[in-house]
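Q: One structure, as structure tokens, below. Some questions next.
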Amino acid sequence: MTLQITPSLSLADHEIEITPIRAQGPGGQNVNKVSSAVHLRFDIKKSSLPEECKSRLLKLRDRRLTRDGMLVIKAQQFRSREKNREEALQRLADIIRRTMVTRKKRRPTRPSATARKKRVDSKIKRSRLKNLRKKVTE
């Protein structure tokens, strides 16, 4: 089975390591017995992703990313291990999709001449208004 990220990009199962762990928080006696939470580990450097995508993923400022290029996702929202597994895989796919989107480079713009004139005129008008509020001294 593969994880489909985009129609043209998918990850093989052997690239993703999923380990069941015990979930945190309340749950009575069951929380100590059942490993329903999931740890997903994805090695970015060894993956089959395109080089551009790898470099963007490694540049992410994310606490889930380790120094050696391992992305660690912990899913424990659901009581079922299978649902947590699906949630972790979905989160991984979302992270990869977000890095694949290229943003348009911002071109710096300047205000037009009329906009500058309008701004100066409004400042002059405001100044006159404030001067009218002052006490009249003869």
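Q: Report ³J(HN,Hα) in whole Hz for each residue of segment 19-24, in order, from the Karplus equation J = 6.51 cos²θ - 1.76 cosθ + 1.60 where θ = phi - 60°; Gly and Pro get x.
A: 10, x, 9, 7, 6, 8
Q: Determine, from the Cβ-Cβ distance of Ser55 and Phe78 and an R0 of 25 Å, the FRET efficiency 1/(1 + (r/R0)^6), rounded to the nearest 0.05.
A: Numbers: r = 33 Å, r/R0 = 1.33.
Computed FRET efficiency for Ser55 and Phe78: 0.15.
Q: HN-Hα J couplings of segment 117-134 from phi, Karplus 6.51/-1.76/1.60, θ = phi - 60°, integer Hz, Gly and Pro as x?
A: Computed from phi, the couplings for segment 117-134 are 4, 4, 5, 5, 4, 5, 5, 5, 4, 5, 4, 4, 4, 5, 5, 5, 7, 5 Hz.
Q: Can you figure out the FRET efficiency of Ser8 with Ala113, using R₀ = 41 Å and their beta-carbon distance, to the nearest 0.05? Display every interim value, and only then the final one.
A: Numbers: r = 48 Å, r/R0 = 1.16.
Rounded to the nearest 0.05, the efficiency is 0.30.
Q: Using the alpha carbon gyration tensor of the chain, what are the three equivalent-ellipsoid semi-axes (square root of 5 times each eigenvalue), largest first, in whole Å?
A: Details: eigenvalues 611, 125, 30 Å².
Taking √(5λ) for each eigenvalue gives 55, 25, 12 Å, largest first.
Q: Determine the calculated [θ] at 222 nm for the chain from helices alone, applying -39500 (n - 2.57) to every DSSP H run no shorter than 4 residues and normalising by the residue count; nearest 500 deg cm²/dmol.
A: Counting only the DSSP helices, I get -12500 deg cm²/dmol.
Q: Follow-up question, since we're still on this one. Sort the following peptides by mean Cβ neighbour count (other Cβ atoms within 10 Å, averaged over residues), highest first: 105-117, 13-25, 36-48.
A: Numbers: 105-117: 7.7, 13-25: 13.3, 36-48: 18.0.
Result, highest mean Cβ count within 10 Å first: 36-48, 13-25, 105-117.
Q: Excluding same-chain residues fewer than 8 positions from Lys33, which aspartates and glutamates have a Cα within less than 20 Å of its Cα?
A: Glu82
Q: Counting alpha carbon pairs within less than 8 Å and at least 6 residues apart, what relative contact order, in whole percent, applies to the chain? Show your work: numbers first, answer last.
A: Working: 149 pairs, mean separation 29.1, N = 138.
For the chain, the relative contact order is 21 percent.
Q: From the backbone phi of segment 82-88, what are the Karplus-calculated ³J(HN,Hα) couplings (6.51 cos²θ - 1.76 cosθ + 1.60, θ = phi - 60°) in whole Hz, Gly and Pro given as x?
A: With the stated coefficients, segment 82-88 comes to 5, 5, 5, 4, 4, 4, 5 Hz.
Q: Sticking with this structure for a sec: Hey, which of these cross-link pairs are over 24 Å Cα-Cα: Lys59/Lys104; Lys45/Lys74; Lys54/Lys104? Let's see the in-between values first.
A: Numbers: Lys59/Lys104 18 Å; Lys45/Lys74 20 Å; Lys54/Lys104 20 Å.
Where the Cα-Cα span goes over 24 Å, no listed pair is concerned, since all stay within it.
Q: How much length would be gained if the chain were fully extended between Lys123 and Glu138, taking 0.36 nm per residue of separation minus their Cα-Cα distance, in nm to one decimal?
A: 2.8 nm
Only the coordinates and a few stated rules stand behind these numbers; no lab work does. The model shown is predicted, which means the values in this text are computed figures rather than measured ones. In this analysis, Cβ positions are derived from the backbone assuming ideal geometry, glycine residues included, and neighbour counts consider all displayed protein chains.
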